[in-house]
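One structure is given here, and the rest of the page talks about it.
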Amino acid sequence: MKMVAASKLRRAQTAAESARPFAERMERMLGTLAGSLAGQSGAPRMLAGTGKDDVQLIVMVTADRGLCGGFNSSIVRNVKQLAGQLLKEGKTVKILPVGRKGREQIRRDFGPHLIEGFEGLGRKGISFAEADQVATRITQLFDENEFDVCTVVYNRFQSAIAQVVTRQQLIPFPVPAEGPVKADAAAKALYEFEPSEEDILNSLLPRNLAVQIFRSILESQASEQGARMTAMDNATRNAGDMINGLTIKYNRSRQAQITKELIEIISGAEAL
Amino acid sequence: MADKIKFELVSPAKLLISSPVDMVIVPGTEGDFGALAQHAPMITTVRPGVIDVHDGGKVSNRIFVAGGFAEVNEERITVLAEEALPVADITHDMYSARLQAAKEALADAKTDGARIAAEQLLSIAQAMQAAAPRH
């Protein structure tokens, strides 16, 4: 199983890495656009938010399958902590689980907060269309005023043995205030927009949502395989140790049995 | 020959093309436009259609895209496409199945949102049909 996970990991990792250029370029484009619109009253709701943060939606990305160490539990623990904290602040929390394991684990404590989620996505490597389904659903919920702020919690792939639980706010989209986008400020003024900035943003923001979801699922899948590989490696090693221990025990008791039988025969012969 | 422009075509799954070319013709929402080097910076949405890549005095590549976004500046043009495939690979089955599915979706659509989504699918399928190579 370790070998299987290792080969799957390689594939998932390649997928996650090849998805990065799109997300990066989209971010750059969005940064340019958002920067030129920031602070204006006409900004779309996905960017500006609803003006409140009363209802919080948490998208929880976990695996569909277990046997991958602390992979699912660490996400669930993080979501529980976040949800608990938000509830304490008097906010309403909704949890949208992506992946079967996460839903099962969180149902006991936060059952009433769960809304219908997704399962079995990308069994053979996720496609963008599948991620788009998730995004469409989130957009739909947002349009129906079901929540104000959306955060995704997923495992970001760092290396085969390290996954980082990451929280990322999706709605309202956080405008990157500093960094490389700022450097483009001079060029920003020169950009022409066709059609208008608002129109582009209105179609770009939902796309961006889909891309961010896509990326988080890809990262999560790569992490899952990494976690499983480590877990299975540990399991194999542990099983090896146990086999060694048990073999010694077996031999000892076998010898004890033989010795006992010999003693019985000898003492029987002596009695005659 | 003038300077070349760097053409990048990116789909969510991967970076499809990244190479310097002479000119790229992109189907923008408000009309097709050609991007050469030293183009004024602009950002536009892309409608379903065909991107013509001109290089070495001829059309070197024709790619069908199902909509997306394009960012142009002096050195490069970046097209973010959700779906992209070479025109030569489009088959009759591919677009007729899509046309069919889109028409059914349109007929079933009850809400405005669903209708808009179905119309979008239909326009993608129609653009695909128009782009398909003639037999």
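The values are calculated or read from the model by the stated rules, or taken from the named source; none is laboratory data. Source: prediction; values computed, not measured. No Cβ is skipped: glycine too gets one built from the backbone with ideal geometry, and neighbour counts run over all protein chains shown. Each accessible area value is taken on the protein alone, full model and side chains, heavy atoms only, with ligands, DNA and RNA left out. Shrake-Rupley method; radii C 1.70, N 1.55, O 1.52, S 1.80 Å.
If I model a spin label as a point 7 Å beyond the Cα along the Cα-Cβ vector, how far apart are those points for A:L114 and A:E198 in nm?
Computed distance between label sites A:L114 and A:E198 equals 4.2 nm.
If R0 is 30 Å, what FRET efficiency do you get for A:Q169 and A:R65 from their C-beta distance, rounded to 0.05?
E(calc), rounded to 0.05, equals 0.60.
When 1/r is averaged over all different Cα pairs and the result inverted, which Kirkwood radius in Å belongs to the range A:100-147? It would help to have the intermediate numbers written out before the result.
Details: mean 1/r = 0.0813 Å⁻¹.
Here the Kirkwood hydrodynamic radius works out to 12.3 Å.
How big is the protein assembly as shown in terms of Cα radius of gyration and Dmax, in angstroms?
Both quantities, over Cα of the protein assembly as shown: 28.2, 116 Å.
Quick one: net charge of A:T92's neighbours, Cβ under 14 Å, K/R +1, D/E -1?
-1
In whole angstrom, how far apart do the alpha carbon centroids of the range B:12-40 and the range B:75-97 sit?
14 Å
Would you kindly find the accessible area of A:I258, with a 1.4 Å probe and non-protein molecules such as ligands, DNA and RNA excluded, rounding to the nearest 10 Å²?
Its accessible surface works out to 80 Å², give or take rounding.
For B:Q126, what is the net charge nearby, where nearby means another residue's Cβ is under 14 Å from its Cβ and Lys, Arg count +1, Asp, Glu -1? Could the numbers behind the result be given before it?
Working: positive: B:R47, B:R98, B:K103; negative: B:E119.
It works out to a net charge of +2.
Before rounding to the nearest 500, sum -39500 (n - 2.57) across all DSSP H runs of length at least 4 in the protein assembly as shown and divide by the residue total; then give [θ] at 222 nm in deg cm²/dmol.
Computed mean residue ellipticity for the protein assembly as shown: -17000 deg cm²/dmol.
Taking the Cβ of B:L36 as the center, what net charge do the other residues with Cβ under 15 Å away carry, scoring Lys and Arg +1 and Asp and Glu -1? All intermediate terms of the calculation are to be shown ahead of the outcome.
Numbers: positive: B:K4, B:K6, B:R76; negative: B:D3, B:D22, B:D32, B:D52, B:D55, B:E74, B:E75.
With Lys, Arg at +1 and Asp, Glu at -1, the net is -4.
Could you work out how much longer the chain between A:S159 and A:S267 gets when fully extended? Use 0.36 nm per residue separation minus the Cα distance between them, nm to one decimal.
Numbers: separation 108, 0.36 × 108 = 38.88 nm, distance 6.60 nm.
Here the answer is 32.3 nm.
If you fit an axis through the alpha-carbon atoms of helix A:20-37 and take the longest principal axis of the Cα set of chain A, what angle between them do you get, 0 to 90°, nearest 10?
30 degrees
Of B:A105, A:A19, B:G67, which is farthest along the charge dipole of the protein assembly as shown in the positive direction, counting Lys and Arg as +1 and Asp and Glu as -1 at C-beta?
So the residue we want is A:A19.
Can you pull the accessible area of A:V165 for me, 1.4 Å probe, Å² to the nearest 10?
A:V165 has an accessible surface of roughly 50 Å² with all protein chains in place.
Taking a cut-off of 21 Å, what percent of all Cα-Cα pairs in the range A:2-230 are separated by more than that?
Distances greater than 21 Å cover 57 percent of the Cα pairs.
With every protein chain in place, what's the accessible area of B:L15 (1.4 Å probe, Å², nearest 10)?
70 Å²
Can you give me the angle between helix B:112-131 and the longest principal axis of chain B, using Cα atoms only, in degrees from 0 to 90, rounded to the nearest 10?
That works out to roughly 60 degrees.
A:K249: which lysines have alpha carbons under 21 Å from its alpha carbon, excluding same-chain residues fewer than 8 sequence positions away?
A:K260
So how tilted is helix A:2-18 from the main axis of chain A? Cα-based, degrees 0 to 90, rounded to 10.
10 degrees
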